[in-house]
Amino acid sequence: MRKIFGLAALCLCLTGVDGALAASSKLRIITWADYVPPDLVADFKKETGIDVEVTLSNNEEMISKLRATGGAGYDLAQPSQDRIVSVQREFGVYKPIDYSKVKLGQFQPALLDVVKRNATLDGQVYALPYLWGTDGLVVNTRIAHVGDYLDLCRPELRGKTSMRLRRPLLMGFAFGMGKDPFALYGQPAAYQALMDEVGARLIACKPNVKFYYDNKDQLLNGFRSGEVAAAMMWDTGGWKLNRENPDIQYVVPRSGALGWIDTFALPARGRNDAAAYAWINFVMRPANAARVIRSVGSFSAAVGTGPFTDPKLKAQFAASFPDAALRAIHWYPAIPPGLEEMEGKVLDRVKAAN
Amino acid sequence: MAERATGRIGAGIGLALLLAPALLWITLLIVLPHVDLAILSFRERVGARQYAPSLAQYATFFREPLYWHVFLRTAVMSVLATALTLLVSFPIAWVIAKIARGRSGSFLFVACLVPFWVSETVRTLGWMILLRQSGVLPALLVRLGLTAAPPELLYHDATILLGLVYTSMLFMLIPLVSSLESLDDSLIEAAYDLGAGGGTILRTIVVPHAAPGITAGCIIVFMLTLGNYLTPTLLGGKNSQWFTEQIYTQFITRFNWEQGAAFGFLLLALSTALVILGLRATGQRFGEVMQRS
């Protein structure tokens, strides 16, 4: 018995030492589902000897976790580009990106510029683009005819639609009502009035909502079982459903899809910046970026992925986004402070309304 | 004399050492975080990274009808769920304690316990599979010809109540069974001999004897229900709002820790107030209830 204890203690000691040694070559990433494919992690380990530890999250949780620790616990985060400056100003959870350590040639210049413009605070840039995509409508064309956000409220779709009670829904409905919420970002009073109007419209639309979805699988299953006929949803989710059932299609709304860009950002108290930069340069290589695209289905900010990309996805993209639709995408500008509070109250009211 | 003193000191040290883990637990994991939250709840953001002491968070709660509506709704539904749990559990507890004694009694008890071997998430998802429109129960109703189209049984307030009662039944059963077991059968026999009916026996003998168990079960179930997050969120419909959900939203999606902390304290106040009220109404004392059950 004693021997076994001794052995166990020895094992514990060894793992302890092992853990201490490995800490210097470990990269802790907090990111979205499928953003860090396991096979790339294995290749990265082979090439650099660095272990990657992935924590799955979403924008709000990511920011809340970093806020709780003052930016510690992770070495790399992947928030959306519009959620960086306000968060940095408020909570100081990121550190600036040293562009000299990044192979900028691997990034598409246009996306790099958008992110630079939206993620600069006091002359320092806090983010690099990683993946982008759009929010629009997913429709089971056999049951429903939907061409714009407000069509979700048509009477024949009673109890057959789904939405996510977060800010993209407010933006989509605002554009659908012919307004431009982004233009009102600088005028709190006018923005509040617009949000109240959008909230009233969403409350009136509530009988049409089957459920407000909170995770991807809930919504996908809603479509698969036929319980949901139309939803406000992201593009690749729609294309994924389309491969399973050709009746289900991603529809770019007439008033324009909403474009998001998810980024690389360095948490303020990350311990392994070198590994983070190594990962960024590794994962943005064209061949690797193409593997990310296959894993997540969204589009990469990397250049030269064309030859590696799945032709089916390319075809789906081209079908959904003719040139005019691509130009009509509304890209999220950085959110000024205070707006999210207004939006939050409107969303609460929608949720609680009967 | 000196020896005795050292003995007493030794006993004191022993007691301190024995209590240390519990005290450390309470101070580090319960008292300190609550103090921190209390400080948070009494401040207000006045600018980027600037905060000033204020009562604004509590004022918001009372000014915004939405929040206290959700608050009251949560309270009423929790009381309802507790009452339902008691109604459902009492006959079961009676069967376990009085009718199916010995082997079959413990078998029934284990049968009630088995669902708790899987996590709450899995149990709740099980209900979703059973109740959703394309699920088992609606399909069965259509097959039996009771309805033409499969009805949506999920996403109603009644579904939330069902889930809550199901999750908390065990916590009502345990104190009930233990308090009913100690009831002497001869008392009931004597009552029958003296001509009392079933209702009178229940009212004058069984319930008064089981009162501490009933109260303890109700307190535990009520607190579990009020603080439940998972069941109302998963089973509740598009209109359902539970106060814990509101706290989560404030903390995580709105980054408004101050408001979330204030909501947390309001919920704590609510549960304390209702428990005290319940004890008063039934003429019981907290310490006694917890000791006897």
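Annotation: amide H of B:SER54 within the under-5 Å range of B:ARG43, B:GLU44, sequence separation 5 or more or interchain, hydrogens built in the peptide plane. Extension gain for B:ALA11 to B:VAL88 (0.36 nm times residue separation, less C-alpha to C-alpha distance): 22.9 nm. Think of the protein assembly as shown as a dipole: +1 on every Lys or Arg Cβ, -1 on every Asp or Glu Cβ, centred on the Cα centre; then among A:GLY306, B:THR74, B:PHE42, A:GLY306 lies furthest on the positive end. Between A:LYS26 and A:ARG269, the contour length at 0.36 nm per residue exceeds the Cα-Cα span by 86.0 nm.
The gain in end-to-end length when the B:THR272 to B:ALA100 segment is fully stretched comes to 58.2 nm, 0.36 nm per residue minus the alpha carbon separation. Work from the charge dipole of chain B (Cβ charges, +1 for Lys and Arg, -1 for Asp and Glu, about the Cα centre) and give the residue of B:LEU146, B:ILE30, B:TYR166 farthest towards its positive end. Of the candidates, B:ILE30 comes out farthest on the positive side. Report summary: the helix-based calculation at 222 nm, which adds -39500 (n - 2.57) for every DSSP H run with n ≥ 4 and divides by the residues of chain B, gives -22500 deg cm²/dmol.
Peptide B:251-263 is shielded by partner chain Cβ atoms: per residue, an average of 4 of them sit within 10 Å of its Cβ. Projecting the Cα positions of A:ALA257, A:ASN140, A:LEU152 onto the charge dipole of chain A (unit charges on Cβ atoms of Lys, Arg, Asp and Glu, taken about the Cα centre) puts A:ASN140 furthest along the positive direction.
In plain terms, chain B is cut at each of the trypsin sites (Lys or Arg not before Pro) found in a DSSP loop with at most 15 other Cβ atoms within 10 Å, and the longest leftover piece is B:102-284.
Cross-link partners of A:LYS95 among aspartates and glutamates, defined as those whose alpha carbon lies under 14 angstrom from its own and excluding same-chain residues fewer than eight positions apart: A:ASP75, A:ASP122, A:ASP273. Its Cα centre serving as origin, region B:56-292 has a Cβ charge dipole (Lys and Arg +1, Asp and Glu -1) of approximately 300 debye.
Out of B:ALA20, B:ALA158, B:ALA262, any idea which swings most in a Gaussian network model of chain B, alpha carbons joined below 10 Å? Its mean-square fluctuation being the largest, the pick is B:ALA20.
Each of B:TRP25, A:TRP239, B:TRP68, B:TRP242 has some number of other Cβ atoms within 10 Å of its Cβ, and from fewest to most they run B:TRP25, B:TRP68, A:TRP239, B:TRP242.
Between A:SER295 and A:ALA353, the simple spin-label model (points 7 angstrom out along Cα→Cβ) gives 4.1 nm. In the elastic network of chain B, a GNM with C-alpha springs shorter than 10 Å, the most mobile of B:GLY12, B:GLY47, B:GLY213 is B:GLY12. Taking only alpha carbon atoms, region B:56-292 gives an Rg to Rh ratio of 1.04, where Rh is the Kirkwood radius.
Overall, the anisotropy analysis places region A:188-347 in the oblate class: the square-rooted eigenvalues a ≥ b ≥ c of its C-alpha gyration tensor yield a/c not less than 1.5, with a/b not exceeding b/c. Treating the angle as unsigned and between 0 and 90°, give the value, to the nearest 10°, between the Cα long axis of helix A:286-296 and the longest Cα principal axis of chain A. In chain A, helix A:286-296 runs at an angle near 60 degrees to the longest axis. If you run the Gaussian network model on chain A, springs between alpha carbon atoms under 10 Å, then out of A:LEU170, A:LEU184, A:LEU150 the most flexible one is A:LEU184. Only helical runs count toward this figure. For chain A, summing -39,500 (n - 2.57) over DSSP H runs of n ≥ 4 and dividing by all residues gives -13500 deg cm²/dmol at 222 nm. Against chain A, whose longest principal axis comes from its Cα atoms, helix A:2-23 is set at around 70 degrees.
Annotation for B:ARG280 and A:GLU53: the two label points, set 7 Å from Cα along the Cα-Cβ direction, are 5.1 nm apart. Relative to the Cα centre, the charge distribution of region B:81-202, modelled as +1 at Lys and Arg Cβ and -1 at Asp and Glu Cβ, gives a dipole magnitude of about 500 debye. Straight-line cross-link partners of A:LYS240 among the lysines, defined as a Cα under 23 Å from its Cα and at least 8 positions apart when in the same chain: A:LYS160, A:LYS210, A:LYS216, A:LYS312, A:LYS314.
Every pair of different Cα atoms in the protein assembly as shown enters the Kirkwood calculation, which places the hydrodynamic radius at 28.7 Å. By the combined test of axial Cα extent (at least 18 Å) and Kyte-Doolittle hydropathy (mean at least 0.0), the qualifying DSSP H helices of chain B come to B:2-24, B:65-94, B:157-181, B:207-226, B:257-282. Translational diffusion of chain A was estimated from the Stokes-Einstein equation, with Rh taken as the Kirkwood radius over Cα pairs; at 4 °C and 1.567 mPa s the coefficient is 59 µm²/s. Peptide A:60-68 has a mean of 3 when you count, residue by residue, the C-beta atoms of other protein chains within 10 Å of its C-beta.
Cβ-Cβ distance of B:GLN291 and A:ARG243, R₀ of 60 Å, FRET efficiency by 1/(1 + (r/R0)^6): the value works out to about 0.45. Peptide B:234-247 is shielded by partner chain Cβ atoms: per residue, an average of 3 of them sit within 10 Å of its Cβ. Overall, region A:252-299 carries a charge dipole of about 100 debye about its Cα centre when +1 sits on the Cβ of Lys and Arg and -1 on the Cβ of Asp and Glu, all other atoms neutral. By the count of neighbouring beta-carbon atoms within 10 Å, fewest first, A:VAL114, A:VAL139, A:VAL54 end up ordered A:VAL54, A:VAL114, A:VAL139.
Each of B:THR147, B:THR249 was scored by other Cβ atoms within 10 Å of its Cβ. Arranged with the fewest first, they read B:THR147, B:THR249.
Taken together, the values in this text are just the output of simple stated rules run on the coordinates, not laboratory data. None of these values were measured; they are calculated from a predicted model. Heads up, the Cβs are rebuilt from the backbone with ideal geometry, glycines too, and the neighbour counts pull from every protein chain shown.
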